[in-house]
Each structure stands twice: as C-alpha cells, then as structure tokens.
Amino acid sequence: MSNTEEQLEALKDIRNMMERSSRFLSLSGLSGIFVGIIALIGAAAAFVYIEVKHGNLPYFEYAKDANGKMNLPFIQFFFIDAMSVLVLSLSTATYLTVRKAKKEGEKLITKTSLQLMFNMAIPLGTGAIFCLIMVAHGFTGLVAPATLIFYGLALVNASKYTFEHIKFLGIVQLILGLLAGIFLNHGLLFWAIGFGVVHMAYGIIAYFTFEKN
C-alpha cells in the first residue's frame with residue numbers, strides 16, 4: 001500500500017470515528033420493517049371496526065353520538081388500538097436497536113443518543129398533547145394528519161444526531177400528513193401509508209443498504 005493510500009485510509013478511519021462520536025448509528029433497519037407491519041395491523045383493525053360498526057361513512061363522524069356527546073366506545077377503541085401500536089412499536093424498535101448496538105460493540109446510552117431522544121421527544125410530546133386537545137374539542141378528523149406531521153417534525157429534528165436519510169423519512173411523513181389534512185375523509189388511509197408502508201420501505205432499504213452483509 002502506497003503512502004497516499006495509507007493516508008487516505010487513515011483519514012477515512014478518522015472520519016468514521018468522528019461520525020460515530022457525533023451520531024447515533026445503532027438504529028436498526030429491521031425495526032422500521034416491524035414497526036411498519038405493526039402499524040398496518042393496527043390500521044387494518046381500525047378499518048374493520050369502522051366497516052363493521054359504521055359502514056362507509058368517514059370514521060371521525062362517529063366520534064360523537066346522535067346527541068352530540070362524545071362516543072366513548074368509539075374513542076376507547078381507537079385509543080386502545082393506537083396505544084397498542086405505540087407500545088408494540090417502541091418495544092420492538094428498542095429491542096432491535098439494543099441488539100444491534102451490542103452486536104457492533106456500541107454504547108446505547110451516550111450523549112448523542114440522549115440528544116437524539118430529546119430532540120424527538122419535544123415534537124412527539126407536543127403532538128400527543130395537541131391530539132388529545134383536538135379529541136376533547138371534537139376535531140377527531142385532524143388527529144391522523146397531526147400524528148403524521150408531528151412525527152415527521154420529530155424525525156427531521158432528530159436526523160442531525162443519527163443517519164442523514166432519517167430526514168427524508170421525516171419529510172415524506174410531513175407531506176403525507178398535509179395530504180391527510182386536505183383529503184380528510186382518507187386520513188386513516190394516509191396514516192396507514194405513512195406509519196405502515198413508508199416505514200416498511202425505509203426499513204427494507206436501510207437494512208439491505210447498511211446492515212446486510
């Protein structure tokens with residue numbers, strides 16, 4: 001190996017070390033695939049519930065009963081469905097991320113990983129509270145668009161602490177969220193595409209590009 005090649009290799013190693021020190025790179029592509037599958041199952045359950053209970057009318061019209069009061073069974077079902085998707089998704093993503101970090105000999109709790117979580121938590125927490133406020137005021141049709149938009153903001157906000165392509169995933173979620181807000185009757189469909197199909201596509205690309213040997 002020539003002197004120039006050795007210097008280039010050394011520079012490459014230094015660059016990799018600097019990148020690993022400033023970015024959390026243990027996110028698993030497999031987690032994107034499994035999170036997408038879980039989201040699609042949750043969306044399918046919601047579609048079936050709506051079809052069986054209410055037919056083809058927009059789902060959010062049933063958030064209130066005939067007397068204008070909150071339709072508690074409807075709200076409870078969607079809350080349980082959403083929480084189940086959230087808990088299963090977080091558990092799966094955490095497990096796969098921990099497994100990848102151990103495999104690569106990386107520390108899971110670092111300054112960078114904490115910054116990553118903090119930068120995601122602000123938009124996600126704000127979005128969750130905002131969605132609860134909208135439900136309380138009866139604006140349930142905007143919940144699906146809002147979850148996509150705030151999630152997209154969280155990904156864009158956190159992308160500087162992990163893989164750069166996370167930003168593009170966030171931008172796609174933002175676009176889908178805005179479209180869901182425009183085509184309000186199809187908000188649940190856009191939610192399924194964003195959290196389900198797009199996550200799976202991202203996970204497959206990330207896994208075979210960065211992880212599969």
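The values are calculated or read from the model by the stated rules, or taken from the named source; none is laboratory data. All figures in this text were calculated on a predicted structure; none of them were measured in a lab. Don't worry about glycine lacking a Cβ; one is built from the backbone with ideal geometry, like all the others, and counts go over all protein chains shown.
Table for the structure above
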item: Residue check, Ile80 within 23 Å of Gly196 (Cβ to Cβ) and modelled with pLDDT under 85; result: no
item: Of all residues making up segment 158-184, the number that are touching a Pro at 6+ places or on another chain (Cβ under 6 Å) and surrounded by 20 or more Cβ atoms within 10 Å (Cβ to Cβ); result: 2
item: Residue within segment 145-161 that is of a type in the set (Val, Ile, Thr) and closer than 23 Å to Leu40 by Cβ present; result: yes
item: Single condition Ile122 does not satisfy, out of (1) within 16 Å of the chain's Cα centre (by Cα); (2) at pLDDT below 90; (3) surrounded by fewer than 18 Cβ atoms within 10 Å (Cβ to Cβ); (4) in a helix (DSSP H, G or I); result: (2)
item: Restricting segment 129-138 to residues that are out of contact with any helix residue (DSSP H, G or I) (no Cβ under 7 Å at 6 or more places or on another chain) and hydrophobic (A, V, I, L, M, F, W, C), the residue that is nearest to Ala101 (Cα to Cα); result: Ile129
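Each row is one residue, and each column tells you yes or no for (1) touching a helix residue (DSSP H, G or I) at 6+ places or on another chain (Cβ under 6 Å); (2) at pLDDT 85 or above; (3) not in a helix (DSSP H, G or I).
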| position | (1), (2), (3) |
| --- | --- |
| Gln76 | no, no, no |
| Ala101 | no, no, no |
| Leu108 | yes, no, yes |
| Leu114 | no, no, no |
| Gly127 | yes, yes, no |
